[in-house]
Structure formats: C-alpha cells, structure tokens
Amino acid sequence: MDIDEHEHVIEVTDLRRVYGGGFEAVRGISFSVARGEIFALLGTNGAGKTSTVELLEGLAAPAGGRVRVLGHDPYLERAAVRPRTGVMLQEGGFPAELTVAETARMWAGCTSGARPEAEVLARVGLAGKHGVRVKQLSGGERRRLDLALALLGDPEVLFLDEPTTGLDAEGRRDTWALVRELRAAGTTVLLTTHYLEEAEGLANRLAILHEGRIAVSGTPAEVTAGRPSRMSFELPDGYFVGDLPSLPDLGVCGHESDGRFVRLRTTELQRTATAVLNWAERAGVELRGLDVRSASLEEAFLGIAQEQGVAA
Amino acid sequence: MSGVRVDPGDGGRGADAGTGGGGMNGARADSGGRGADAGTGGGGMSGVRVGAGGTGGGALGAFAPSARRLRALARAELALLGRNRGVVFTALFVPLAIPFTMRPALDQMDLAGAGLRIGPVLLTTAIGFSFLFAVYTALVSAYVSRREELVLKRLRTGELSDAEILTGTALPPVLLGLAQALVLCAGCAALLHTGAPKAPYLLLPGLLAGLVVSAALAALTSSFTRTTESAQVTALPLVFLSMAGSGIAAPTEVMPDRLASVCELLPLSPAIRLVRGSWTGQLSAYETLGALATALAWTIVSVFAVRRWFRWEPRR
C-alpha cells in the first residue's frame, strides 16, 4: 500500500487476452491511469475495447501480462478490489421482471457503503421510475439505471463500457455532465466509446485501439497533433482544381476531388484557407459548402484505421 | 504468474480457468466450500450446516456482510420467482397434487409385504416431487435465465463472490421446497394418519440432503443448458431417473434387491430413504450413514463439477 501504487490507480502491462478459439483479442497493451483522471479507450467495433475492460474489471484472467487496479489483481483479489470499483457493462444485466427500485435495492444490499437508492436514481434522472419494471424501460433508461448502480458505492474507480450508446442527445449530455462531476470529486474513470466527441470532450488522456493493440495514445491534443486539418468546398461550374493556387506551396499535403467537390488536407490550415478564399474573392466566385476544420480526433481515428488497414 | 493462460470458453469462462487449474489460493477454495451448502448457510434460520460444506476459516469473519448480500439477492430472486407463473404453478401444484393421482397404482403394490404403509409412501413421493419441481427444475431455469439476461455477469462485477451468487439465487426455491416438505408432513399426518415419525432425527438430515443435492445438481445442469427453453429438456434425465430409481414414484423397497442397491446410489435416493426412514424407523445406523455418505458424495462431486463447468455468460 505504498503511495506509488496510488499514483497509478490502474496499471496495465503487456496485457493479452486470448479466447477459446485461439482468437487474440488483446495483443500486448500497456497504459496507466492516474488518480482522478478520465481515460478513454477508443476504437472501432472489434478493436478490443471491451475485451480489455473486462480484464480490468476482473471478469476474466489475462492470457499474459499484468493488471493492477488500486494495487491489486482484480481477478485474483476480487474481494480487495470490488468494494472500491463501480462497473457499467456494455450491455445491461438486470432481471427484466424486477422494478427499478427493486433492482437498486438488491444492488445496495450487495454494496458496502451504498448511498441511498433514491438519491442515486434521482442523480441519473430515474426518480420517477421506481415502480417501473426493467423490461419496460427504454434503452437509454436502462443505460442510466446501469450507471446509477455503478455509482451506488461511491467508487474510487469507475469502469464505463460505452456509457452513452443508445442514449439520445440530451441523455448523452446529462451523462457527460455527470462524469465531469465525478471527475471533479476525484473519481478515476476508465471509459470506452466509439463517439470521438465523447472522448475529446471528457478524457484527460486516451488510447486508440486497433486490432488489439494501442495505435496511439496521449492527451487529445497530443493525439491530434501532426494530423492534417481539413478544408472542403464545391468549385463553381467551369473551374477545376488546377485553377486554384499551387497547392503544395500552401502546405496542402493531399487532396481529393471529383471535379466539382474538393477536399484538401493541410498542415497549415490558416495559410491554405486564406489563399483559397483570396483566390475566390479575386475570381469573384462563391465556394458552396465551405467547411474548414482543424485536426480532430476523427482525423486521427480515421487516419489510424486507414494506415493500419494498409499495413495489414 | 508469468505463464500464459487461455480463456477456455468463448469469452465467458474466465473464472473457471483458474478454478479448474487447482486450488492455489485460499479465497477460491473457500468460496467453493461454501457453495457446497447451497441453501443452508445463508438463510441463517435453520442454523444447520451440512458437514460437507465446510465453511472455510476466512468465511466466518466475512459472515455478516456475506449474509447481507445473500439476503439482498435472495429477496430479489424471491420476487422473480413469484412473478414467473409457470414456475410457481409447477413448483406448487405438482408436488401437492400429483402424488395423490398415483395412489391407485401404489395401492396395488405389495407395500405391506415390504413393511410400508401408504401414508409415508405418499408423503415421501410428494416430498420427492417437491425436490424435483420446486427446487431442481425451478432453479435450473433461474440459473439459465439469469445467465442469458447477463445478470450473472453483472453480479460478478460487484462484491458478491461466485458462491454467494449461486447460493443467493438458490435460496428462494430451496426455502420453498423446505416449506412445502414441512406442510406435506403436517398435511399427511392430519389427512393420511401417518402419525408422528418414528425416527424424527432423520427427517431434517433427509430434507437437507434432498434440498442441497437438488440445488447443486441444478447449478450443474444449468452449465449444460443454453436457453430456458432447453432447460425443460436438460432437466428431464434427473427427473425421470429420480422418479423411477430414487423411490419417488415407487418405493425402492419393492424393487429386486440388486437393482435397489444400485438405485440407492442415485442423487436423490439418500434423501428419500432418510425421510421415509424417519417414518418407518426401519433404517439401521449403517444404512443411515450410507445414505448420508451418498448425499455428501453427490454434493461434493456437484460442487467440483460446478466450479469446473459452470458458465457465467452466454455462449456467443
């Protein structure tokens, strides 16, 4: 129980997971999460996000490597870890015939230091649903019930596997607000998502998984750094890409065009945009559908998927 | 630690990988041991422990929170049991009604020649049906549907140990079976003039043997059952075997000796023998010990098999 272990609430070293059929879902990943941090695992379906989180939750033993949560092995030292963690699985796991209140009461009875059920249900916006059977809840309400139960024991570490999948825009914003509140209160959160804006908006640090490996990790800024920005527009009739100022001189590192619609990728967005807009001004043409955006996680994400896809 | 291990199942069976491999850590061995007395430990009302169970040393310190968790889970399971009309009907109606439809057949057997009277025979038949339908089949379907709804997986993310999850789920059917057996004892005493048992000290061990073995075998059966629909099929072998061979449909006393001695080894035979013996008073000390040992052996085998094969997640 030295302080060092508490610095990194989650420590993952060379983690591997192999399923019965021989499929290697997690192929040697390492990362650590500091206390109070929100760490996001991103990736396409099948990238290994859930397989990884289940190892952190202690639901299965790794095929190789090491996991430590709060200084303990979450699989072998279940009793030491579970009272301090909260888990929201990717998919429900509540008896359909119980009511919301009965489900919460059951979980409270199984959780040490549980908060009052009504308080936690109110916190996720289910205050009016106590008597409703789980099977009658909408998909989004079920996700929020799941979140409520994960929060019941005031966990130090929270695992959220796709917490907002199936939620409408408002529900998603509410969940994000809640996660930020938890971070402010010092809770460490590990979440998986395939919503890039979710990771960008919430996570202190993130890792993008691809085919069981970490393709890139760091803060959202670090991950997007070095990724090209994007500018796209429609050329008016009679104009072609060749009519634009010399693209390589503007920092453009690539472009796609079907003759009419042009998409530029650039490392110097301001210079590219200024030059193109000045050109349009001089030529007296209107660029329809003009869209200028700086490098985003989406760029990074798509770039990685493409690069790795080519490499494989 | 550094060795490479492989999840044996299609993702679901991580837990078993370690347990099958050998009881290297105390926590695991302990939880398995408590699984043995499924149904008897958690209630706290009977205060009776099956010798087989062996509550490991570490379990005592953790008893209060463990009892609280078991109570919470059992309470939810009781509500679920009450809301499943099919299970409630089978669990209540079959044990109470079917034995009496079998009376004409029993009347034609030479019960007196075997030293039996119709009252105790009907009573043990009814109690046997209670083991099979209130406990065994009800619990197979509970385990399977909890697994398919991912409830078991979700519970394993919390503080409950594996043994607590299995035991808490088992408590309502087991207590229902126990209550039913006691009602049947009282009812038969009043209506069939079975009178008081001649060896009453055999009754409780007999009931416990039946309840524990039924619950343990339900967990094992559910390991090999994919859906609640298929549970109606996978539960049949034990139901038929027990009805025919364990003295439920017809007393083993009227069988040929050699066949009877083989049938005494079936999972529910010891329970039925002990319960019937408590009324007839004809069970020798040797036979009593034999029946207890058989029940114990089945419990231990089931617990090991459950630890090896129980599936916590659906196959995908």
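So which of B:Gly32, B:Gly51, B:Gly43 is open to solvent by 50 Å² or more (accessible area, probe 1.4 Å), modelled with pLDDT under 50 and not hydrophobic (A, V, I, L, M, F, W, C)? Reasoning before the result, please.
Details: B:Gly32 fails: open to solvent by 50 Å² or more (accessible area, probe 1.4 Å); B:Gly43 fails: open to solvent by 50 Å² or more (accessible area, probe 1.4 Å).
Result: B:Gly51 is the single residue among B:Gly32, B:Gly51, B:Gly43 that is open to solvent by 50 Å² or more (accessible area, probe 1.4 Å), modelled with pLDDT under 50 and not hydrophobic (A, V, I, L, M, F, W, C).
Of all residues being part of a loop (DSSP other than H, G, I, E, B) and under 27 Å from the mean Cα position of the chain (by Cα) in the stretch A:121-130, which is farthest from the other protein chains (Cβ to nearest Cβ)? Just the residue, please. Walk me through how you get there before you give the answer.
We begin by selecting, within the stretch A:121-130, every residue part of a loop (DSSP other than H, G, I, E, B); these are A:124-126, A:130.
Right, trim to under 27 Å from the mean Cα position of the chain (by Cα) and you get A:124-126.
Numbers: A:Val124: 16, A:Gly125: 21, A:Leu126: 17 Å.
Checked the stretch A:121-130; the qualifying residue farthest from the other protein chains (Cβ to nearest Cβ) is A:Gly125.
Would you confirm, using the coordinates I've provided, whether A:Thr50 is open to solvent by 10 Å² or more (accessible area, probe 1.4 Å) and more than 8 Å from chain B (Cβ to nearest Cβ)? Outline the logic, then answer.
Values: open to solvent by 10 Å² or more (accessible area, probe 1.4 Å): yes; more than 8 Å from chain B (Cβ to nearest Cβ): yes.
Judged against the criteria, A:Thr50 is a match.
Per-residue answers, yes or no, for (1) in contact (Cβ under 8 Å) with a residue 12 or more places away in the chain; (2) under 14 Å from the mean Cα position of the chain (by Cα); (3) more than 14 Å from every other protein chain (Cβ to nearest Cβ); (4) under 30 Å from A:Val81 (Cβ atoms):
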residue	(1), (2), (3), (4)
B:Phe133	yes, yes, yes, no
B:Ala138	yes, yes, yes, no
B:Tyr143	yes, yes, no, yes
B:Pro173	yes, yes, yes, no
B:Ala196	no, no, yes, no
B:Val233	no, no, yes, no
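For the stretch B:257-279, give me each residue that is polar (S, T, N, Q) and either in contact with a strand residue (DSSP E or B) (Cβ under 7 Å, 6 or more places away or on another chain) or more than 17 Å from B:Leu202 (Cα to Cα) (or both). Steps first, answer last, please.
From the stretch B:257-279, those polar (S, T, N, Q) are B:261, B:269, B:278; that's our starting set.
Matches in the stretch B:257-279: B:Ser261 only.
Scan the stretch A:187-226 for residues that are free of Cβ contacts under 8 Å to residues at least 40 places away in the same chain and under 16 Å from A:Lys49 (Cβ atoms) and report the count.
Adding up the residues that qualify gives 1.
Say we look at the stretch B:250-283 and pick out the residues that are of a type in the set (Gly, Ala, Ser) and part of a loop (DSSP other than H, G, I, E, B); which of these is least open to solvent (accessible area, probe 1.4 Å)? Full working, then the answer.
Let us first name the residues in the stretch B:250-283 that are of a type in the set (Gly, Ala, Ser), namely B:250, B:260-261, B:269, B:271, B:277-278, B:281.
If we keep only those that are part of a loop (DSSP other than H, G, I, E, B) as well, we get B:250, B:281.
Numbers: B:Ala250: 25, B:Gly281: 42 Å².
Applying the filter and picking the extreme gives B:Ala250.
Restricting to the stretch A:263-290, give me the number of residues that are among the aliphatic types (A, V, I, L, M) and touching a strand residue (DSSP E or B) at 6+ places or on another chain (Cβ under 6 Å). If you could, list the steps in order and put the result at the bottom.
Residues of the stretch A:263-290 that are among the aliphatic types (A, V, I, L, M), as a first pass: A:264, A:269, A:273, A:275-277, A:280, A:283, A:285, A:287, A:290.
Add one more test, that the residue is touching a strand residue (DSSP E or B) at 6+ places or on another chain (Cβ under 6 Å), and what stays is A:264, A:269, A:273, A:287, A:290.
Number of matching residues: 5.
Check B:Leu220 against each of (1) of a type in the set (A, V, I, L, M); (2) under 21 Å from B:Ser302 (Cα atoms); (3) open to solvent by less than 30 Å² (accessible area, probe 1.4 Å) and name the one condition it does not meet.
Against the list (1) of a type in the set (A, V, I, L, M); (2) under 21 Å from B:Ser302 (Cα atoms); (3) open to solvent by less than 30 Å² (accessible area, probe 1.4 Å), B:Leu220 comes up short only on (3).
Which ones in the stretch A:289-312 are assigned to a loop (DSSP other than H, G, I, E, B) and of a type outside the set (A, V, I, L, M)?
Quick first cut of the stretch A:289-312, residues assigned to a loop (DSSP other than H, G, I, E, B) only: A:294-296, A:312.
Once the filter is applied, which keeps residues that are assigned to a loop (DSSP other than H, G, I, E, B) and of a type outside the set (A, V, I, L, M), the stretch A:289-312 yields A:Ser294, A:Ser296.
May I ask you to verify whether A:Val12 is touching a Gly at 6+ places or on another chain (Cβ under 8 Å), more than 9 Å from chain B (Cβ to nearest Cβ) and free of Cβ contacts under 8 Å to residues at least 60 places away in the same chain?
On the way: touching a Gly at 6+ places or on another chain (Cβ under 8 Å): yes; more than 9 Å from chain B (Cβ to nearest Cβ): yes; free of Cβ contacts under 8 Å to residues at least 60 places away in the same chain: yes.
The answer is yes for A:Val12.
Is it fair to say A:Ala118 is facing chain B (nearest Cβ under 10 Å) and assigned to a helix (DSSP H, G or I)? Walk me through it before giving the result.
Values: facing chain B (nearest Cβ under 10 Å): no; assigned to a helix (DSSP H, G or I): yes.
So A:Ala118 does not fit the description; no.
Scan the helices (runs of 4 or more DSSP H) fully inside the stretch A:1-82 and keep the ones with 2 or more residues being in contact with a helix residue (DSSP H, G or I) (Cβ under 8 Å, 6 or more places away or on another chain). Spell out the reasoning first.
On the way: elements: A:3-7, A:49-57, A:78-81.
Here the list reads A:78-81.
Residues in the stretch B:145-159: is at least one open to solvent by less than 10 Å² (accessible area, probe 1.4 Å), in contact (Cβ under 8 Å) with a residue 40 or more places away in the chain and away from chain A (no Cβ under 14 Å)?
No, the stretch B:145-159 contains no residue that is open to solvent by less than 10 Å² (accessible area, probe 1.4 Å), in contact (Cβ under 8 Å) with a residue 40 or more places away in the chain and away from chain A (no Cβ under 14 Å).
Considering only residues that are in contact (Cβ under 8 Å) with a residue 12 or more places away in the chain, at the interface with chain B (Cβ under 10 Å from one of its Cβ atoms), of a type outside the set (Val, Ile, Thr) and surrounded by fewer than 22 Cβ atoms within 10 Å (Cβ to Cβ), which ones fall in the stretch A:90-108? Show your work before the answer.
Residues of the stretch A:90-108 in contact (Cβ under 8 Å) with a residue 12 or more places away in the chain: A:90, A:92-101, A:103-105, A:107-108.
Among the residues that remain, those that are also at the interface with chain B (Cβ under 10 Å from one of its Cβ atoms) are: A:90, A:92-99, A:103, A:105, A:107-108.
Next cut, of a type outside the set (Val, Ile, Thr) only: A:90, A:92-98, A:105, A:107-108.
Of everything in the stretch A:90-108, those that are in contact (Cβ under 8 Å) with a residue 12 or more places away in the chain, at the interface with chain B (Cβ under 10 Å from one of its Cβ atoms), of a type outside the set (Val, Ile, Thr) and surrounded by fewer than 22 Cβ atoms within 10 Å (Cβ to Cβ) turn out to be A:Gln90, A:Gly92, A:Ala96, A:Glu97, A:Leu98, A:Arg105, A:Ala108.
Which members of the stretch A:178-194 meet the condition of being within 10 Å of A:Arg35 (Cα to Cα), within 16 Å of the chain's Cα centre (by Cα) and crowded, with 20+ Cβ neighbours inside 10 Å?
Going through the stretch A:178-194, the residues within 10 Å of A:Arg35 (Cα to Cα) turn out to be A:183, A:186-189.
Checking the rest, the ones that are also within 16 Å of the chain's Cα centre (by Cα) come to A:183, A:188-189.
Residues satisfying the conditions are A:Thr188, A:Val189.
When both residues are 6+ apart or on different chains and their Cβ atoms are under 9 Å apart, which pairs have a first residue that lies in the stretch A:166-180 and is closer than 9 Å to A:Gly140 by Cα, and a second that is part of a helix (DSSP H, G or I) and of a type in the set (Val, Ile, Thr)?
Qualifying pairs under 9 Å: A:Leu167/A:Thr175.
So, A:Arg68, is that one within 7 Å of chain B (Cβ to nearest Cβ) and of a type in the set (Lys, Arg) or not?
Details: within 7 Å of chain B (Cβ to nearest Cβ): no; of a type in the set (Lys, Arg): yes.
So A:Arg68 does not fit the description; no.
Give A:Ala63, A:Ala25 a once-over and let me know the one that is without any contact (Cβ under 8 Å) to a residue 60 or more places away in the chain, within 12 Å of chain B (Cβ to nearest Cβ) and either farther than 22 Å from A:Val179 by Cβ or of a type outside the set (Gly, Ala, Ser) (or both). Show your work before the answer.
Working: A:Ala25 fails: without any contact (Cβ under 8 Å) to a residue 60 or more places away in the chain.
Going through A:Ala63, A:Ala25 in turn, the sole match is A:Ala63.
Does A:Ser232 meet the test of being surrounded by 17 or more Cβ atoms within 10 Å (Cβ to Cβ), among the small types (Gly, Ala, Ser) and under 25 Å from the mean Cα position of the chain (by Cα)? I'd like the intermediate steps shown before the answer.
Numbers: surrounded by 17 or more Cβ atoms within 10 Å (Cβ to Cβ): yes; among the small types (Gly, Ala, Ser): yes; under 25 Å from the mean Cα position of the chain (by Cα): no.
It is false that A:Ser232 is surrounded by 17 or more Cβ atoms within 10 Å (Cβ to Cβ), among the small types (Gly, Ala, Ser) and under 25 Å from the mean Cα position of the chain (by Cα).
Just for the stretch A:131-172: of the residues that are under 14 Å from the mean Cα position of the chain (by Cα) and open to solvent by 20 Å² or more (accessible area, probe 1.4 Å), which one is nearest to B:Leu80 (Cα to Cα)?
Top of the filtered list is A:Thr165.
Taking the stretch A:243-259 as the region of interest, how many residues are within 19 Å of A:Glu286 (Cβ to Cβ) and either surrounded by 10 or more Cβ atoms within 10 Å (Cβ to Cβ) or at pLDDT 85 or above (or both)? First the steps, then the outcome.
Initial filter on the stretch A:243-259 (within 19 Å of A:Glu286 (Cβ to Cβ)): A:243-245, A:257-259.
So of that shortlist, the ones also either surrounded by 10 or more Cβ atoms within 10 Å (Cβ to Cβ) or at pLDDT 85 or above (or both) come out as A:243-245, A:257.
The qualifying residues number 4.
With the stretch A:207-288 as the region, which strands (runs of 3 or more DSSP E) entirely inside it contain at least 2 residues that are over 30 Å from A:Leu191 (Cβ atoms)? Spell out the reasoning first.
Details: elements: A:213-218, A:229-234, A:252-257, A:261-266.
It comes to A:229-234, A:252-257, A:261-266.
The values are calculated or read from the model by the stated rules, or taken from the named source; none is laboratory data. Not measured: the values here are computed from a predicted model. No Cβ is skipped: glycine too gets one built from the backbone with ideal geometry, and neighbour counts run over all protein chains shown. Heavy atoms of the whole protein, side chains included, go into the accessibility calculation; ligands, DNA and RNA do not. Shrake-Rupley method; radii C 1.70, N 1.55, O 1.52, S 1.80 Å.
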